[in-house]
1. Can you tell me the FRET efficiency between Ser110 and His165 if r is taken as the Cβ-Cβ distance and R0 is 25 Å, rounded to the nearest 0.05?
2. Need the full-extension length gain, Ser556 to Ala273, defined as separation in residues times 0.36 nm minus the C-alpha distance. One decimal, nm.
3. Once label points are set 7 Å from the Cα along Cα→Cβ at both Thr579 and Lys356, what is their separation, rounded to one decimal in nm?
4. Could you compute how fast the stretch 162-317 diffuses translationally, taking Rh as the Kirkwood radius over C-alpha pairs and applying Stokes-Einstein at 25 °C with viscosity 0.890 mPa s? Give it in µm² per second.
5. Using DSSP to call loops (not H, G, I, E or B), can you name the trypsin sites (Lys or Arg not before Pro) in the stretch 242-303 whose Cβ has at most 13 other Cβ atoms within 10 angstrom?
6. Using Stokes-Einstein with the Kirkwood hydrodynamic radius over Cα pairs, what translational diffusion coefficient do you get for the stretch 101-248 at 20 °C and a viscosity of 1.002 mPa s, in µm²/s rounded to a whole number?
7. Could you work out how far the C-alpha centroid of the stretch 229-277 sits from that of the stretch 133-151, in angstrom?
8. Taking 22 Å as R0, compute the FRET efficiency from the Cβ-Cβ separation of Gln386 and Lys284 and round it to 0.05.
Amino acid sequence: MSSGNEAFSKPLPRDQSAESSSPGRVAAPPPPSQRSDADLKATGQAPTITKANSSHGTDESDASSTSTNSSSNTTNSSNKTNSSEHPSSSDAELRATSEVLVKKLLQLSSPRMDIKIATVLLHEGVMDILMAHVSRLDPKQKHLDLSKCDLDKQIEYASRPRDTHDLEATKRSYHAMELLCGTSANHYYVQDSCFNIIVKNLFDTLLPSSSGNLNHFGKIFQHFVRRHPCDMIDFVIVQDNATRFFDLMLPLLANPPIADAILSIIFLRETNADARSKRTESFKLLSKRGLLQWFIVASEKSNPPYFADSAQELFLRIIEEASQTDNANELFELVDSEGGFFSRLKQHIVSSPPSKSRKQLINILRNLCTSGSPPTRASSMSHPIQGPLYNISHRIREKVSVFIPDLCRLILNDYETPTAHVKGAFTTEHLNLLEIIYYSLPDALDKHDILAKIPDGFWRWAILLFVDKRTSSIYHTIFYKIFYLLISINNEAILIKMFQVADWFGIMVDQYSNPEKGTDTHGFLNLMLNHVRLTSDADPGGYIHRLVSAHERYQSLLPKLRADTLAQTEPKYAWKLDTCPRPAPHLGPTPPLRSSLMFTSYNAATLTLMSDEGDTMDDTNYGIDLGSDYAYCLGFDHPARLDGAELHSNYHSRRNSIHSASSGDSYYSENDSRPSSPTNISASSPGMFFGGLVFESLTPEEPTSDDIKKKKKKKKKKKTTKIAFDGEES
């Protein structure tokens, strides 16, 4: 029988599974007791272990001496025992001594992982004792198999209060967490050697019989996810068909540390190929296990009341993270399956009364509709980047477009809509519904049929709200987007309902004629009336042209509208900034929707306008009619009025191109500063690919020698940049 001193003087065999090589794991260095003095000096550690050169203070030295004395006492007592005594008594004494040593270590003011402490922690059973101070299991409670419990029972166990009164136990748990999250060579060696023991005991913190601190769990968990991403995914998700993930972690998602841990294990931030492959594998497994359906079921739970809100909030964060993670579409592959996630989400939104839960579900649907192209910085000529959820978002919008009339009725049911004013609070919930309608309608298979099913009262409600909410620029923007979309679709029946039945055209004219009635909406009214004016010129045989031709008040307002618009667009000063072109005359709250060969109207390419840097005050080629830059920025590509009428010279567009006619790297026309529509690009042009796709290099071209000479000559003549206003001498 070996003595206790001998047992603590040399390390016992480590867990064999921890030594097996796997992706994401770092091979453990040799144990400190087996390193040479040169190796220890290279790592900044003391080659010998004495009290004099120990890195610890008085408390740590006392702990080390206590460890030696206790081990000696254990040896003496074991030698005095009868040789016929059962050998398990020695193991029990050794474990009792180890428990005392670990507890004394964790009660120090600042325990450190020196060589001797690392050697002790590698002894068999010592790491289990250390982890017991983190998990804090109650030995009196019976072990429960949560995999055999339903979700209601799991949530009930997860919602029980944990012991927070034992401050000494919390302190020991905190110090154990610090030892397990350290970043020195000794810390890494212990973590790598005892990986399986640490992670297995760590999940005991989530059991119903545990009083462990979940903040300590979250920090240890995320530390190991960063250090061993592949092994953590294997342990938490891949092994046992994600039982630990669904039965232990998800029921506790109402706790912020667990919610952060869930996001960290699903969306690894690793860039190596093994981690990306393992992450994609986990996406497929979680989708197959029904993660999306789990969140819908969790959203229906009313006890405890905060659980459903926490589940919906976490799902919103999952959508946001997925929109920025490669191959995250695998996680949402079954989102529109028959009777699955989308069907239940739609049913909850349409049939539920106004509530916080319905508001969150509407927000989830909006994020799914708009997450296809996450906001990103792109060059002015490039197409918007398709995000990982682009195809998923497109499929969702097609599904949503079918029940747009139901969403309109949902809004009307929340309001009392009398003849004069709109009563009721306009909330972000209704704003999200309007955005869902706006983003989904362009992807409808039959837009005209969908518009015909929208109740007439919806258009009346939207118009009255625009008049009443004079200071709500957020609503004015979404109303303008929907208005522009309806003008583009050009459904005569809907335009009649909106312009004549709901009298929107007359309201616009009255509001614009009397600025006191709509001071805050004057800019949006100007945009919409100009849309009507340009649409009438572009389609002389259409409904809009017939409407404005017979509208006397509009005809009398037209000179004022043109004068106000020209005052906004004509240059008021000479532009002499050599490094920056003159800005476009109009960008508006939303860019024009132009379909291209690659994208739908939802994600269409919007080609911005840039003018020649040599514009001067004498440039009179500005205008607001068809063919002008202003009309182009509003989405009208027509070169002139289609009825053949002549345009006044003051209303013609400027044609100064920023590209020379000989350059073949752009698709600007020879005399036009504006790019043509992407659908009109010739596939034979230089810089083009098959199907008319445009290649844009993000690397600036090297200037030629002639360009350099011109630039140097120009630099000599360069004067101080200044802006000369009208009436001033330049």
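1. Efficiency computed from Cβ-Cβ geometry: 0.55.
2. 95.1 nm
3. Distance between the two pseudo-spin positions: 5.1 nm.
4. Taking Rh from Cα pairs, D becomes 148 µm²/s.
5. Those satisfying the criteria are Arg269.
6. Translational D for this selection: 133 µm²/s.
7. Here the two parts' Cα centres lie 20 Å apart.
8. With a Förster radius of 22 Å, E is 0.60.
The values are calculated or read from the model by the stated rules, or taken from the named source; none is laboratory data. Just so it is clear, the model here is predicted, and its values are computed rather than measured. Glycine also receives a Cβ, built like all others from the backbone with ideal geometry; neighbour counts cover every protein chain displayed. Each accessible area value is taken on the protein alone, full model and side chains, heavy atoms only, with ligands, DNA and RNA left out. Shrake-Rupley method; radii C 1.70, N 1.55, O 1.52, S 1.80 Å.
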